[in-house]
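Here's the structure we're looking at; comments come further down.
Read-outs: derived from the displayed coordinates by stated rules, not from any lab. Everything numeric in this text was worked out from a predicted model, so none of it was measured. Methodologically, a virtual Cβ is constructed for each residue, glycine included, from the backbone with ideal geometry; neighbour enumeration extends over all protein chains shown.
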Amino acid sequence: MQDSGAEVLITYADIEEHVRDPETGPTKRCDLTLRSKAAPVATAEAKRPEVADVGDPALQDDALKKAVSRGLPLFLTCNFREVAVWVTEQGANQQEPLLRHELAPGLTHSSVAPHPGPRQSRHVIL
């Protein structure tokens, strides 16, 4: 995005952040919190590809509730095959995400996902 001259929206993420639910009181665990330089922008929830599609209503609802409780404008769902970005103010059961991106085309089960060797690492830039 920097090459295109557009401002970078997400600069870093926190993994497994625990946030108090204002409605019920208990702590909820957010898989990822995506942040700009100034503040959180989105929450992301992930499931293995054999468990849920990115458009799965239960996965979408879980991510939406966490975004609403934190006042975030966006939420993401991911199944490691693809990721979808949704607009919080559009509510539950959205049919079309703002953005959908394939991460590992053809991945149907986590057991067949390629694994890096002991000294290899993988980086994905979205």
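General observations
- Inter-site label distance for GLN90 and ALA38 at 7 Å from Cα along Cβ, in nm: 2.4
- If you wrap the Cα atoms of region 43-95 in a convex hull and average its projected area over all directions, you get 3.0 nm².
- Couplings 3J(HN,Hα) of region 65-76, computed from phi: 4, 5, 5, 5, 5, 9, x, 8, x, 10, 9, 10 Hz, in residue order, whole Hz [Karplus 6.51 cos²θ - 1.76 cosθ + 1.60, θ = phi - 60°; x for Gly and Pro].
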